[in-house]
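One structure is given below, encoded as structure tokens.
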Amino acid sequence: MIALFAIGLALHGLNLVVPALLRDSRRLTVVGNLINAIALVCGLCFSLSTLLAYQRTEYRFELPAAGQVVIGFDGLSLFFLFTFQLLSFAGSLYAVSYLRHYVERGLSVRGHLCFFTLLILSLQLVAVVQNALIFLVVWEIMALAAYFSIVFDRQNAEVRQGGFWYLVATHASMLFLVVSFLVLHELTGSWNFDDFARHAGYDSKTLAIVLLTGFAGFGIKAGFMPFHVWLPNAHPAAPAHVSGLLSAINIKAGIYGIARLMMILPAQEASFGWGLLAVSLISAVLGVWYALAQHDIKRLLAYHSVENIGIIGLGLSVAWLGRCYALPELVVLGFAGALLHTLNHAIFKGLLFFGAGNVDLQAHGGNIEQMGGFARVIPLTAVGFLVGAISICGLPPFNGFVSEFIIYKSFFRGADLLHGYAPLLLLLAAVGLAFMGGLAVACFTKLYGIVFLGHNRAGVALRRQGEPVSSSIVLLGLASFCAVVGIFPGTGLRLIEPVLGELTGTNQTSAQWASPIGQLQIVFLLFLALVVVIYAAKVWLQGRTVVRLGETWGCGYTAVTPRMQYTASGFAAELVQLGRPMLAFTVQWTPLQSILPLARVFHSRCNDRMENGWILLNSGIGRLLGALRWIQSGNIRHYVLYVFAAVIFYLLCALVW
Amino acid sequence: MVRLSSDPLSWVTCALFFAAAPLLSGIINKVKARLTGRVGPPVWQPYYELLRLARKETVYSTSAGFISRVAPVLVWCTVGFAALLLPLGRPAAVSFPGDIILFAYLLALGRFFQILASFDVASSFEGMGASREARFAVFAEPIFFFTIGSLAIITRCYSLDTVFAEISWHDPLFFVFVSVGVLALFFLVSAECSRMPVDDPNTHLELTMIHEVMILDASGFDLALYQHAASLKLLLYSSLAALLLNPFGVFGPAVGLLVFVATLLALAVALAAIETLMARFRLVLVPQFLLFGTAIGILNILIFTFSHRP
């Protein structure tokens, strides 16, 4: 079976050369992406079959400098490998049709395809490499490949700026990770994750350093607040297939890292669990609130990724608490919720971003205030997007509900099993989750209603053009995944069974603890049956009377124009106002004065306070360092003096010690 | 662990529940009319209206797509299915540990489609109603989880079927809980079921409506579904408040049913009295009102802390 995985990687490798051989961009898009897709089918066969008939396997070989390198396929690695491959597969297929529009604009896809392949390749390696040094190398390759994939349309200044946010964030993340792994290496003398795990003598101070730097490093990648600022900037900059992968799986690499750290390190610091719970809750609530205030479709979706990362973090923190207090049930529930939500979020966020890409092509821009009525033009996208929107709100019977259900259950069980403040805090977390559920409903009804329903606000007559086959297959395929994992929650549980078994050392209990989630299909099927029956009754009754079409009721006003529809800003305004202290919501306009006012401009914007904070910090550091600029005199003699001084300094040091 | 009740009476009570829903609205209207010195329509009036609507032709907006056609069905089914989770003297028709969450999320699903349906017809009025609905619903969820959720944690039962049975009239803690809970649920009813002082069900101006404006363009059987779902939702939340008194656990099924119905009637009279005495709040004040409801819900935390002995 491992041969299939190797073939997949080899095909990706081959694909790195294909752009050099094939000159025609049009043909290259199809061939390059299809090779990736075939490679990923091989990879998926491997990861899925290994997950279902699970047996832990690992391969060891020697590398100079890094020592013994372990490529391990344990439950966690395989699960993330599967998630990464599934979405990369969807992304590759989607890119076949989506990239064509860039080709028609005259952009060369040769470099882009290389980096895109490299991104997919390195993501898969990140999940399986169990050696810290090689992990860091692969991580960096992934980060750079993602950066170059983002700045595909680099003529555009906004794209370059968004890409720059990503580049800075990813290197900050790298910096923390290097520190974290170096400390671990110093302690254990090895680079292998197993040796980290086997090491017994962690004192609490080192553990705190490793946990904090590790969380900062992976958290920046995952997009926890306040490190989320790169997401809303980088996602709109990237082409849709890349932003889909960024949000669906690239940030999940951060989640993988945190989960891996949690499995490696001994659980002693309960305070870390509570800290993570707080950060996650803030990320989740503020993420969706910021999302509500956005007018740009991809920016909005990016903020929703912050929300969902927060939800995943909630699960992880409960799992960590469970380990600290030696409660395997909580570990299972927390991990199950977090991992299942990772998979689910990957599926529906991929779906939503690819849908947003199709919308983008229709609307020629991301501003949703200029959209409307796209359900008539791109009906398949509209259906897929609707499923994604319901799923991301965590509503039954789609997959988001299942993972949120497990997280709720972990809160309830935690409140039951823990003492002191814990039940109270977990109840608050549950209420917070419910609150963000309400906000998510507001946010996605706004997005879907404004973009797909009603009439076009830009006043463009929409023509039905037909959607490209490959993108429709991808969207409907992902939508059916949402439905299958949602209605038959056992399927999702089956995929995380191996990792849960490894966490607790048993196999039977995890399904039992996660009950009744494995049996919910009865409820969902009953609900769907009810819907079908009522719908049939409606059709039958309406068949007996007359059904006709008429104008929308305008309260007697007959000259209605599409511009009179409710706008996205109007819809969300009151909720955004409520969050004003946190959202930095600003409007610019001149009030109407005379009875017959002239044209006025109204402009509203929601600035991210944390983004402003980072920019301030950046300029502050810049000013501080500017004060030292005199060192860089530009005079070669001064530099020679510096070198000399440094040598003397080192010599003195050597003498003293 | 998922249990579909094998007791046929569970399903019969559910059917009765569906059938009785418009009656509650009828009673409220009747009481309201009497309080204002009018005779008022008969209590059966909502039934006549539903029948009339079901026989009428359906007009769809030319702007409407598939959402307008499926939304009425989904709105009704979500509320109807949520009703199946309630224990009404008999074990709930459908129950499993954690169905509290399903209850809240099903209603959210219904709201999701209700809001989308109002976007679907490209009307500015309906968008306005949708905006208000979405805004007020955001507060409704915390109120629900502060009440029923904390009750679940206190009693360690996560199913609506069993959670109310744990309430005992002898424990003073539960007495406080029930009073606070009923009050919080009352706030929830006014927000979720578009009653005074959040929404005026009898208003005649589109600008001031919330629920009614969202279904302006529905007609025929679709409108009947919406109307019945609305009255069912009112009954559903009122029943939650009535179940907090645990009538069936304390008095047994027969007397319990009487107490249950009496509580519902009392709530109906209270709602009618409030609607007679008060005017609708200005819309900007509604969030404050709902935040106050949430604050009452937060009181449950206090009770929760007292009750959660290790």
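Read the figures in this text as sums done on the coordinates, not as results from a lab. Because the structure is predicted, anything quoted here is derived from the model rather than measured. Cβ coordinates were reconstructed from backbone atoms using ideal geometry, including for glycine residues, and neighbour counts include every protein chain displayed.
Overview of values
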item: C-alpha long axis of helix A:132-150 to longest principal axis of chain A, angle in °; result: 40 degrees
item: For B:THR58, distant residues with modelled amide H under 5 Å away; result: A:VAL546, A:VAL547, A:ARG548
item: Peptide A:436-448 - average C-beta neighbours from other chains (10 Å radius); result: 6
item: D (Stokes-Einstein, µm²/s), Kirkwood Cα radius, region B:46-155, 1.567 mPa s at 4 °C; result: 80 µm²/s
item: Dimensionless Rg/Rh of the protein assembly as shown - Kirkwood Rh, Rg from C-alpha atoms; result: 0.99
item: For region A:120-229, convex hull of alpha carbons as volume per residue, Å³; result: 89 Å³
item: Distance between region A:53-77 and region A:347-364 - C-alpha centres, whole angstrom; result: 37 Å
item: Backbone N within region A:116-146 under 16 Å of label point (7 Å from A:ARG56 Cα along the Cβ vector); result: A:128-131
item: Debye equation applied to the C-alpha atoms of region B:74-138, log10 I(q)/I(0) at 0.20 Å⁻¹; result: -0.78
item: Radius of gyration, Dmax [region A:11-142; alpha carbons; angstrom]; result: 16.2, 49
item: Kirkwood Rh and Cα Rg combined as Rg over Rh, evaluated for region B:91-231; result: 1.04
item: Peptide A:363-376 - average C-beta neighbours from other chains (10 Å radius); result: 1
item: C-alpha center-to-center spacing [region B:6-39, region A:456-530] in angstrom; result: 38 Å
item: Computed lengthening from A:HIS419 to A:ILE38, 0.36 nm per intervening residue step minus Cα-Cα distance; result: 132.0 nm
item: Other protein chain Cβ atoms within 10 Å, averaged over every residue that makes up B:222-230; result: 1
item: Among B:SER231, B:PRO172, A:GLY273 the positive-end extreme of the charge dipole of the protein assembly as shown (Cβ point charges); result: B:SER231
item: Tail weight of P(r) past 31 Å, computed on alpha-carbon pairs of region B:3-307, percent; result: 27 percent
item: Overall Cα dimensions of region A:255-402, principal axis frame, Å, largest first; result: 55, 26, 22
item: Cα-centre dipole for chain B with unit charges at Cβ (Lys and Arg positive, Asp and Glu negative), debye to 20; result: 420 debye
item: Orientation-averaged projected area, Cα convex hull of region B:1-111 (nm²); result: 10.0 nm²
item: Å³ per residue enclosed by the Cα convex hull of region A:187-270; result: 103 Å³
item: Size of electric dipole in region A:250-354: Cβ of Lys, Arg +1 and of Asp, Glu -1, about Cα centre, debye, nearest 20; result: 240 debye
item: Rg(Cα) / (2.2 N^0.38 Å) computed for region A:19-89, rounded to two decimals; result: 1.46
item: Cα-centred dipole magnitude for the protein assembly as shown, charges only on beta-carbon of K, R (+1) and D, E (-1), debye, nearest 20; result: 1560 debye
item: Nearest-ten-degree value, helix B:99-120 long axis tilted from longest Cα axis of chain B; result: 10 degrees
item: Dipole of region A:267-509 [Lys/Arg +1, Asp/Glu -1 at C-beta], most positive-end residue of A:PHE488, A:ILE368, A:PHE353; result: A:ILE368
item: Calculated on alpha-carbon atoms, Rg and Dmax of region A:267-509 in Å; result: 19.3, 63
item: Euclidean distance of C-alpha centroids, region B:256-277 and region A:168-201, integer Å; result: 64 Å
item: Dipole of the protein assembly as shown [Lys/Arg +1, Asp/Glu -1 at C-beta], most positive-end residue of B:ALA254, A:SER317, A:ALA382; result: A:ALA382
